[in-house]
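Take a look at the structure set out below.
Here, each number is a calculation from the coordinates, and none is a lab measurement. Nothing here was measured: the structure is a model prediction, and the numbers come from that model. All Cβ positions, even for glycine, are placed from backbone atoms using ideal geometry, and neighbour counts span all protein chains on display.
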Amino acid sequence: MRQRKRSILAVALVALALLTATAAWARSGSRSTSSPGLLRVAATAAVTTWDPIKSFSTEVLYMANIYEPLLYANQPGAPTAFSPGLAKSWSRSDGGRTWTFHLRKGVTFHDGEALTSSAVKGSIEAAAARGGASFIWAQLKSIDTPDPLTVVIHMKTPSRVDLIASSEDGAWIVCPSAVAAEAKDTNYFESGKDCGTGPYTLKSYSAGSQVVLQAYSHYWRGWTARRYQAVVIEITPEAIVQQQMLTSGQVDLALSLPAENIKKLTAGGKYSVLVRNTSENYTAFFNTTRPPLDNVLVRRALSYAIPYSDIIKVGAYGLGTQSRGPVPKGIFPWSAKTPQYRQNLAQAKALLAQAGHPGGGFKLTLTYAAENQAEGRFAPLIKDAFSKVGVNVTLKPILFNQQWALAKANPKKAQDIFLLLYWPTYSDAGSDNLYSLFHSSAKPFFNLSYFNNPAYDKLIDTGSGIEGTSIPKAQGAFSKAMKILYDQAPGAYLYDAKLLLLVPHSLKATNAVNINYPFVTFFYPIQKAG
Amino acid sequence: MTAVTVATPSLAPSTGVRRVFRQLRRDPTGMLGATICTVFLVTAALAPLLAPNAAQGRGATDVGARELAPGWAHLFGTDHLGRDLLSRVLLGSRPALGSAAAVVALAVLIGVPIGLVAGFRGGLLGEALMRVTDLFLSFPPLLLAMVIAALLGPTLLHAAIALAISWWPWYARLTRSVTQSLRREPFIDAARVFGVREPVILIRHVLRNAATPILVQATIDGGTVILAIGSLSFLGLGAQPPTPDWGLMVADGRTTVLTEWWIATFPGLAIFVVALGLNLLGDALRDILDPRSGR
Amino acid sequence: MLHWLGRRLLTSFVTLFGITTITFLLARVIPSDPAAVYIGPLARPAEIARVTKQLGLDRPLPVQYVKYLRALLRGDWGTSLATKEPVLGGIVHRLPATLELVLLAMLIAVVIGIPLGVLTARRAGRASDAGVRVGSVIGISMPVFWLGLLLQAIFSGKLGWLPATSRLSLETSVLQPIPHHTGFAVIDALVSGDWSGLRDAGEHVVLPAATLAAYPLGLITRMTRASMLDVLNQDYIRTARTFGLSERLIQWRLALRNALPATLTVAGLSFAYLLTGTFFVELVYDWPGIGQFGTNALLNQDYPVIMGITLFGAIGFLSINLAVDILQARLDPRVRLE
């Protein structure tokens, strides 16, 4: 017996010793010191393809650092609308049908090839033919290359080629040999190849987990000691994990932090805050094909019932501004004159009674994307607010792909309310948002209110048509269209989203973000502070 | 498909309920389990009355009271939408009990008849049925449920269906082995000689004997099912907001587990305690009713 | 034996075929657009139509199924819609990370559980025995995701002793990578003498492995204790005692040997649990293994990956069952392989 007791005691002592040793060892500092030339970033950006021509998804974060467009769209409020990219100047002629771009001299691609007008022509034609966002070049007629540094783009109708060519999807300039190889082998880029002119090259990619970018030494803007020679991006879909990586010193920048914790993180004073206005916004579509939402009075009533400020306070943790129509602030054709609803329950009740539904008394199904945290937070607020006017809402979170598939399948049998997070492909929400979200179509795609209003359609068609010729005239048409969206209320326009980038004091990150480039953080402008 | 001899369950006629209670009282851990289970059942039944704020428990929000620490006004604190967490946890006993009961009931309803037929008939039909059973048993347990729930679309109902589909094989096997051993008993033949028809024999004798091990298995399974449902909801494949599902609440509180620790801790604690209770009770029942096969 | 093995392999094959069919049907019959998953969030109708054709999604279902089966037999398990990597390659690439966790968890469970079960079986009825009994039930009743969150919050968040997430720090994986030998970070670092890498890998693996080990630890402790109790009451043990064999010999050599088969079954069962347990542990700890691959695929509706992981999991599960059965037949002469 004593023997047994003694051996148990021995085992316990050994275990205790091991435990203490481990704890001491672990506490004696871990390996989270940073390396001077390496910028460590945590991002959710998954890679669906390495092909810049086909790219149309979250990998744009990497594309925007490896490739460059002809020109960049500037933030609202800047002195000029665009700044030079690979083109140092450009001009418009023939009423907006012809655009001439003068290329920068001495720029080389990552494989050493020189940037010439034929390279630009090849890239754009490839994008127009088989790009993921090929539709932006739908009006392309032909491209001339009178000399190696001049590109002349001819469009079928007057177009805003400056805006189109600044897009983050479908406008990257790729070296000719890669374009030719990709034409023959559609998987050419997938092994991790790149051939751009941008500041970084793709050094390595571990599928689904890590991207390493290496500085391109002959980048035409040049390098200083303060800039980062290498960037490692940990692909982390979970915001809370990014936060843990940031606070433990594992990464310098976390691009997606949980909204509910940002205030606490900034309170400590460890980070300065860079506000990113984005071109993303939330809209609630009302199913206009089915009672009771086929009645415009009911839709208006519900627009008055929505708790706009609570949604922003709770859903977005304050990171948002109430939308004026479906066009995000800072993107053409947003207008401060577009009216917006304010929550007014009395008005809502009155309108419901007027519509023949005194006291509400009907049920609605609301679908939203189950994986969207913000929607998950504010959908219950909409439900609560509607219950105050007697409307009973059933919330149905569904994974987005299914939510969307169901909504497109049969409008008569689909949801009553569809919550959607949207953003324009390039900074033209007239031909994008206003068209995609509310123009009638034979089969619904993003028009998830199934709105069918000929007057609206006409205004949008007019606006898009005249945009290449006269922006003010286009703005006029679009503004009238947005007024219809207010009056007819096929949807409720919730808020334009804002993001905060927490920048540690060791970095300076001005110019790293731009509202015209959603999902992109530019790494080249990020420099070491001090 | 395993090679272990399946311990045939006790063939004594059903033990009196009184005797079970008496033996249970002598087992402290069993009593603990029974107490927890009783509290759970009572809570589920009376949840709206017990909860300080039943409406919030069901999902009503209170934007002004968000993320409050536990205190006198809110014993468990409030969550990200200002809802009283105690009420949420109490009302969460309903979907927990409902879905767990649904899973076990469905599994029994599917598995027991299949096992009966396979055991009694034997032959080709029996073999085929057992092959199908083995097929479903070959899925790694929770994986099939996750796949079904993900593909059907995440709701509590789909999660329950998915779990039941993974669970019924156990009951089929159990019933089949009981049936097979009973078939050999002389009193079955005697009953047949007296003209009692087969279905009656099945129902009366076999089910009566199988009831005990099935009950024990169901109780033990109850704990596992509660864990499984919580896990599915945590991933986002089960209950959806605003259902006060415990697993969903833990997922909700995950991002703030360091600062607003109560949001994730209390619902998880609820899952743990209920699963613990069911496991303890199941163990004790097995010890009492089936002394040979269990511990 | 061979005859049995052959039959068993044949039935396993049929089972796998059944599993593939079921998963395929599930994946292709639900409302979701694989082409949209492939392209990304803002796909346009023209693009979706093009990709639908490219992926062969417009062919009738049976045709797609046959194509899938033929590819499977060739070793082509399809391509992930989301990451575009080959499914089988992706699984194999992430397998070592998951195996590292699973094996370590099993090791912990066995090394602690079996001795604990043996020791308390001797003390049946005493306070320590009741404590261990309740302790093991606690282990199997603990929701693994909750336990993970708590351990993470306490040991990393509050105390700062261990890192919260990932398998290696970025410094190690990018700047000073551990030379690759087996794919197991801890072993590779040990073998190459990379001490700082060893420490890094060790620090990162402790919490996830401990979280994963709770359930099998509880299960194995319980089962060992129970079967030890069973065995210790047998006649031949009493006989051995009267013959004067020492207690230690009886316990550890004689009784345990006979108690092992039941423990083995349980170990096999817990391996199956661990397969799905890794989904949650890898989620909470951002561990780059198969579990994470699977969770992302489930939430993204990436059906080729879902099918690949289900098939892989089923193969693993069947193999473990087979191994357990063979081992049991070896250890326990009473067991007949039917």
Working out 0.36 nm times the residue gap between residue C:138 and residue C:64, then minus their Cα-Cα distance, what length gain in nm do you get to one decimal? 21.9 nm
Note on region C:235-305: contact order normalised by length, alpha-carbon pairs under 8 Å, 6 or more apart, percent, works out to 15 percent
Can you give the angle from 0 to 90° between the axis of helix C:2-29 and the longest principal axis of chain C, with both taken from C-alpha atoms, to the nearest 10? 40 degrees
Projected onto the charge dipole of chain A (+1 at Lys/Arg Cβ, -1 at Asp/Glu Cβ, origin at the Cα centre), which of A:526, A:279, A:253 gives the Cα projection farthest towards the positive end? A:253
Using DSSP to define loop residues, name the trypsin sites (Lys or Arg not before Pro) in region C:19-111 whose beta-carbon has at most 15 other beta-carbon atoms within 10 Å. none
Percentage relative contact order, region A:320-441, counting C-alpha pairs under 8 Å, at least six apart: 28 percent
Sort B:37, A:175 so the one with the fewest other Cβ atoms within 10 Å of its own Cβ comes first. B:37, A:175
Mean per-residue count of partner chain Cβ within 10 Å for A:41-49 equals 3
From the phi angles alone, apply the Karplus equation (6.51, -1.76, 1.60; θ = phi - 60°) to region B:74-91 and give each ³J(HN,Hα) in whole Hz, x where the residue is Gly or Pro. 10, 4, 9, x, 10, 9, 5, 10, x, 7, 5, 5, 4, 5, 4, 5, 4, 5
Where nothing but the Cβ of Lys and Arg (+1) and of Asp and Glu (-1) is charged, how large is the charge dipole of region A:275-366 around its Cα centre, in debye to the nearest 20? 140 debye
Ignore the peptide's own chain and count Cβ atoms of other chains within 10 Å of each Cβ in C:170-180; give me the average, rounded. 5
Describe numerically, in nm with one decimal, the distance between label points set 7 Å from Cα along Cα→Cβ at residue A:147 and at residue B:193. 11.6 nm
Paramagnetic label zone (point 7 Å from Cα along Cα-to-C-beta, residue A:343; backbone N under 15 Å) in region B:66-106: B:66, B:81-83
Can you return the aspartates and glutamates within cross-link range of residue C:53? Criterion is Cα-Cα under 15 Å, with same-chain partners fewer than 8 residues away left out. C:33
Which longest uninterrupted range of chain B lacks any chymotrypsin sites (Phe, Trp or Tyr not before Pro) assigned by DSSP to a loop state (not H, G, I, E or B) and surrounded by at most 12 other Cβ atoms within 10 Å? B:73-193
Rounded to whole angstrom, the alpha-carbon centroid of region A:425-476 lies from that of region B:84-135 at a distance of 53 Å
Arranged from highest to lowest average of other beta-carbon atoms within 10 Å per residue, in what order do the peptides B:281-287, A:523-529 appear? B:281-287, A:523-529
Sequence of C:257, A:227, C:167, B:131 once ranked by neighbouring C-beta atoms within 10 Å, starting from the fewest: C:257, B:131, A:227, C:167
About its Cα centre, what dipole magnitude does region A:317-467 give when the only charges are +1 on Lys and Arg Cβ and -1 on Asp and Glu Cβ, stated in debye to the nearest 20? 540 debye
Test item: Cα-centred dipole of region A:168-257, Lys/Arg +1 and Asp/Glu -1 on Cβ, debye: 440 debye
Any cysteines in the protein assembly as shown with zero other Cys Cβ atoms under 4.7 Å from their Cβ? List them, or say none. B:37
Helix check for chain A. Which DSSP H runs span at least 15 Å along their own axis by Cα, with a mean Kyte-Doolittle hydropathy no less than -1.0? A:2-27, A:117-130, A:373-388, A:454-467, A:471-488
To the nearest 10 degrees, how steep is helix B:156-183 against the longest Cα principal axis of chain B, on a 0 to 90 scale? 20 degrees
Over chain C, what relative contact order in percent results from Cα pairs under 8 Å that are six or more residues apart? 25 percent
Rounded to whole Å, give me the distance from the Cα center of region B:149-185 to that of region C:69-136. 24 Å
Return the inverse of the average 1/r over all pairs of distinct C-alpha atoms in chain A, which is the Kirkwood hydrodynamic radius, in Å to one decimal. 25.5 Å
For region A:259-290, run through the trypsin sites (Lys or Arg not before Pro) and keep only the ones in DSSP coil with at most 15 other Cβ atoms within 10 Å of their Cβ. A:270
Pairs A:203/A:264; A:184/C:84; A:264/A:313; A:141/A:473; A:270/A:528: which exceed 27 Å Cα-Cα? A:203/A:264
Under 20 Å by backbone N from the virtual spin label 7 Å along Cα-to-Cβ at residue C:191, the residues of region C:95-127 are C:95-105, C:107
Given H placed on each backbone N at 1.01 Å, which residues far from residue A:82 in sequence or on other chains put an amide H within less than 5 Å of it? A:74
So what J values fall out for region A:333-340 if you push phi through Karplus, 6.51 cos²θ - 1.76 cosθ + 1.60 with θ = phi - 60°, rounded to Hz, Gly and Pro as x? x, 4, 9, 5, 8, 5, x, 9
Once you have a ≥ b ≥ c as the square roots of the Cα gyration tensor eigenvalues for region B:97-143, tell me rounded if a/c is under 1.5, and otherwise prolate or oblate according to whether a/b is larger than b/c. oblate
Between region A:256-315 and region A:182-231, what's the alpha-carbon centroid distance in Å? 36 Å
Fraction of beta bridges assigned by DSSP in the protein assembly as shown that are antiparallel (%, nearest 5): 75 percent
Going fewest to most other Cβ atoms within 10 Å around each Cβ, C:80, B:93, A:142 line up as A:142, B:93, C:80
Can you give the calculated 222 nm mean residue ellipticity of the protein assembly as shown, where each DSSP H run of n ≥ 4 adds -39,500 (n - 2.57) and the sum is split over every residue, rounded to the nearest 500 deg cm²/dmol? -17000 deg cm²/dmol
Within region A:88-168, which trypsin sites (Lys or Arg not before Pro) sit in a loop by DSSP and count at most 13 neighbouring Cβ atoms inside 10 Å? A:105, A:156
Rounded, prolate or oblate (a/c below 1.5 giving rounded, otherwise prolate when a/b exceeds b/c) for the protein assembly as shown by Cα gyration tensor: prolate
Classify region C:1-91: rounded, prolate or oblate, from the alpha-carbon gyration tensor (a ≥ b ≥ c, eigenvalue square roots; a/c under 1.5 rounded; otherwise prolate if a/b is larger than b/c)? prolate
Size-normalised alpha-carbon gyration radius of region A:332-461, reference 2.2 N^0.38 Å: 1.16
Out of C:112, C:68, C:264 - ranked by how far each Cα lies towards the positive end of the dipole of chain C, with unit charges on the beta-carbon of charged residues - the top one is C:264
Shielding score for C:132-143, defined as the mean number of other chain Cβ atoms within 10 Å: 6
Of the candidates A:305, A:424, A:351, the farthest towards the positive dipole end of region A:304-437 (Lys/Arg Cβ +1, Asp/Glu Cβ -1, centred on the Cα centre) is A:351
